[in-house]
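For reference, the structure discussed in these notes is given below.
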Amino acid sequence: MTVIIGLEIHCQLNTKTKLFCGCSTDYRDDGPNTHVCPICLGLPGTLPVTNKQAVLYALKVAKALHCEVPAFSEFARKNYFYPDLPKAFQITQYDKPLAVGGYIEIEAESGGEKRVQLTRIHMEEDPGRLVHKGSGDRGRYTLVDYNRSGVPLIEIVTEPELSSPKEARRFLNKLRATLEYLGIYDPEREGSLRVDANISIKGYERVEVKNITSYKGVEKALTFEITRQKGMIRRNAPIVRETRHYQEARGVTTSARSKEEEHDYRYFPEPDLAPLEVSSWVPEIVLPELPDARRDRFMQQYGISQNHARTLTGDLKLAEFFEEVASDMPEIAAPWTADILLGELNYRDMPVTKVPVPHYIALLLEVKKGSVTDTSAVEILRLILNQVIEEEKPEMPGEIIVRLGLSKEGGDSIVDTVASVLKEHEAAVADHRAGKAGAINFLVGQVMKATRGRADPKEIAKIITDLLKD
Amino acid sequence: MGSQYSFDHPDPHNAFITICHEAEYGEGPLSGIPVAVKDNISTAGIETTCGSNILKGYIPPYDAHVITLLRSAGAAIVGKTNMDEFGMGTTTETSAFGPTLNPADTTRAPGGSSGGSAAAVASGMVHMALGTDTGGSIRCPASFCGIVGLKPTYGRVSRYGLIAYANSMEQIGPLAGNVRDCALLYSVIAGHDPRDGTSLDLPAPAPLKPEIAGKRIGVPAEFFGEGVDPTVASVVQSGIDRLEGLGAEIISCSMPSMQYALAAYYVTSMSEASSNLGRYDGVRFGMAPDFVRLWHDAYSHIRKTGFGEEVRRRILLGSFALSAGYKGKYYAKAQAARQMVRNDFARLFETVDMLAGPTMPCVALPLGETSNPLSMYLADILTVPANLAGVPALSVPCGTAHTLPVGLQLIGKHGAEDEILSAALAFEEGSA
Ligand SMILES: [Zn+2]
């Protein structure tokens, strides 16, 4: 059963002001309805005026994603009633979008590069936000916050060309990184990237899954929906063409009431706004270095593997961090940052920007010098990260090594330790001599325990075999 | 600022919805002049209802751009005038605040939808007033009340603060007892406003002087077509003869797109209105909903009780014209017809300077006589073409028929308000 997935991604642009009025978009720490004016409240008589910065940001995305920008595009009204929509229509774009075509290249599930074609990119305004309060049948009520009303969005629509949830995740990772590199979007902002997905099994009806509010939820939502559809097919149950909502907390999709699907949005051109004739702006737009270009440069400049380069450039802040710490030891910095640090950060849900750069560089230098084992270095890293989380002043790795006595044991002292461990475990030694595999692992473990991880296991194994040869 | 204008007139014609008995005024070209404002133009601190129950109690927190201009020109804003609900009518009878009486004959309607503004001027309560014109709503009552009214070029006057009925066609414009006052008020409100994305940046209006000699004036045969009262036609024809007598060259011409104009106008205006009026849901302003209900029930209750019959009719027809399956047949066809009207004007204006004809096909109608909406719609046939094409047009008194005022309509080229005002002044003063 072939899976066909298409995505619609809404991205909030991080302009200073809203799309059609002068209200600030930075309402995060402020109370409800504090960033509003007659225009974004939809008061009678108000008129929209297009924010040029938002158009430029959208064009920047269009250029970075290789789209074509038609000479003429226009805003349209999408009419529907909902309490978060003050004008009872959303200003969006309909049959004349800002940009058409374009593509994003991702790593295909089958290996190699895959080009995912885009259908279009258009601009629109965000509605307000509903806050549901109270409980029980009588106590329930809903408040409306219009702070978000009028925040600029772009909607990026792909062709139905993704073939698995994993590819969808890769696509979104690449898109998210590109948007971040372009500096037009704030990944820290809640709900700044929202995804709707169209999913079908080849030969069957298409289902739209809405309300995937975090891009991390996409893989889960898609996996659930595909499993559901495959199950229906196996049971010979019909798959109906419908809209389903993703319930993030439960990780399931549920059917939207059919009433909501019967919308006739009565689109027509927004009479209060002149058409956009902005294709001539595109050549003037200067793009920054984008993820693919940076990945290739990392491989060339630092001589690191493609996998490491892809991981390190998949997030702007991570790439910037790597360049700060890599300098003359990229061969250590790359695996440490991509394989170890990233895992530790994800585990702690900690942004890379919080990692103290001098401490991390000092740690890499200790690793490079060979003064601590990898195990100890990880312990030191964890300690530093935890200190940052606890808002303590982090210790320098050198101090930690001294304080905890983590200096790597080697030379005579390690040979002495091995010798005494061998003396204590004569039975295991006998097993080893008798050719029992596993005995050596037990002995290495005992030495590691005795040195509290400060010795290199490979080195210990070698010493053990050397000592027992005699 | 700081001077007070005491406005203490009785209002026997029900011209006003709100009267400001004490109005502040300042220095400027309109210093101390009382000006009445149609009640669909937002005035900070003064209730603005659009003639509708649904906006009763709504006090805008901001001034429309034209109000800012009026205030800085020193005008005293003395009240908000009656109108057809949301501008939807040709008689001012669809107002939730009762009909306005025509000062020329109080058994008759003043025309609409700016009937209150026209009556306030015609009765002498004020010298000038602001109206709005979506399909003739300034020119119709000007014609029926025997005063002067101008619909400017689309984009010439900022619509910021004008409560929308049909955005792509409407303009705010002046009504006054004579051409000079009309031009004075126009010169104050015309100009570019960055808050209106459709606003034009044109040179300031030129000083007014009578000028008609040598002008080429086209008279489309369709302006005197079927449905035009013969007495009105002959009064206007003699007015056109007077223009010729003043040295204008009269050229017969044709405007075939007229046959589609009315349908194009109504489909477009109702479609836009159906969208514009969606926001009246009782959540943020105006009539408050019953919060015990579910939101969709509260919405439909508010809209059912808050809007009058004509407004509901136009919202429904407009929603239908935009709906899937019918949009191509109605909205899209209307836009094509609208382009034909524009093309006709462009073609005619290659050879003539302006067009002339009757403003309305009839004289003011008796109150209560327009219960049939279709016959009311037909009365707009001569005024809607200028709105469809966005060109300026005015109505200037031309005499009487059946003892009631008749207006002569002059339609100018895009941006040529000065030219039609100069011609109207020459016509009014009888000198070239
Ligand atoms: Zn705002």
field: Separation in nanometres of the label points that stand 7 Å from Cα toward Cβ, at residue A:242 and residue A:110
entry: 3.4 nm
query: Given a 1.4 Å probe and no ligands, DNA or RNA in the count, how much accessible surface is buried by B and A, both sides, to the nearest 100 Å²?
result: 2700 Å²
query: Using the alpha-carbon centroid of each, what span in Å lies between segment A:95-130 and segment A:64-84?
result: 13 Å
message: If you count only protein heavy atoms and use a 1.4 Å probe, how large is the accessible surface of residue B:260, to the nearest 10 Å²?
response: 100 Å²
field: Volume in Å³ per residue [convex hull over Cα atoms, computed for chain A]
entry: 228 Å³
Nitroxide proxy distance, nm - points 7 Å out along Cα→Cβ at residue A:71 and residue A:350: 5.7 nm
- request: Taking 40 Å² as the minimum loss, tell me which residues in segment B:251-292 lose that much accessible area going from the chain by itself to the full protein complex (1.4 Å probe).
  value: B:275, B:279, B:284
query: Can you pull the percent of chain B's accessible area that's carbon plus sulfur, 1.4 Å probe, other chains left in place?
result: 55 percent
message: Tell me the accessible surface of residue A:10 in square angstrom (1.4 angstrom probe, heavy atoms of protein chains only), to the nearest ten.
response: 30 Å²
field: Surface share of carbon and sulfur [accessible, 1.4 angstrom probe, percent] for segment A:411-469
entry: 55 percent
Protein accessible area in segment A:3-284, 1.4 Å probe - carbon and sulfur %: 48 percent
query: Distance from the Cα centre of segment B:357-432 to that of segment A:202-261, in angstrom?
result: 60 Å
task: Note down the nm distance, to one decimal, between modelled labels 7 Å out along Cα→Cβ at residue A:324 and at residue B:234.
output: 9.3 nm
For chain B, with +1 on Lys and Arg beta carbons and -1 on Asp and Glu, the positive-most of B:368, B:271, B:74 along the dipole: B:271
- line: Cα-Cα longer than 32 Å, checked against A:393/A:449; B:304/B:329; B:80/B:215, kept in input order, equals B:80/B:215
Scattering curve values for the protein assembly as shown, log₁₀ I(q)/I(0), Debye with Cα scatterers, q = 0.10 Å⁻¹: -1.11
task: Compute the accessible area per residue over chain B, keeping the other protein chains in place, probe 1.4 Å, unit Å².
output: 33 Å²
task: Express the accessible area of segment A:350-396 per residue in Å², computed with a 1.4 Å probe while the remaining protein chains stay in the model.
output: 50 Å²
- request: Partner chain Cβ atoms within 10 Å, averaged over the residues of B:215-226 - can you pull that number for me?
  value: 0
query: Residues of segment A:264-304 with accessible area at least 10 Å² lower in the all-protein-chain context than alone (1.4 Å probe)?
result: A:264, A:266, A:267, A:268, A:269, A:271, A:272, A:274
message: So for segment A:50-106, averaging the separation of alpha carbon pairs under 8 Å that are six or more residues apart and normalising by length, what relative contact order in percent results?
response: 39 percent
- line: Computed for the protein assembly as shown: size of charge dipole around the Cα centre, +1 on C-beta of each Lys and Arg, -1 on C-beta of each Asp and Glu, debye to nearest 20, value 2240 debye
statement: Residues hit by the 30 Å² burial cutoff in segment B:152-182, accessible area with a 1.4 Å probe, assembly against chain on its own, are B:159, B:160, B:167
field: Charge tally in the Cβ shell below 11 Å around residue B:180, where Lys, Arg are +1 and Asp, Glu are -1, residue B:180 excluded
entry: -2
field: Rounded accessible area per residue of segment A:143-300, 1.4 Å, Å²
entry: 47 Å²
- line: Between residue A:202 and residue B:332, Cβ-based FRET efficiency (R0 25 Å, step 0.05) works out to 0.10
- request: As a check on your grasp of the helix formula, calculate [θ] at 222 nm for chain A: sum -39500 (n - 2.57) over DSSP H runs of n ≥ 4, divide by the residue count, round to the nearest 500.
  value: -12000 deg cm²/dmol
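The values are calculated or read from the model by the stated rules, or taken from the named source; none is laboratory data. None of these values were measured; they are calculated from a predicted model. Don't worry about glycine lacking a Cβ; one is built from the backbone with ideal geometry, like all the others, and counts go over all protein chains shown. Ligands, DNA and RNA are excluded from the accessible area calculation, which covers all protein heavy atoms including side chains. Shrake-Rupley method; radii C 1.70, N 1.55, O 1.52, S 1.80 Å.
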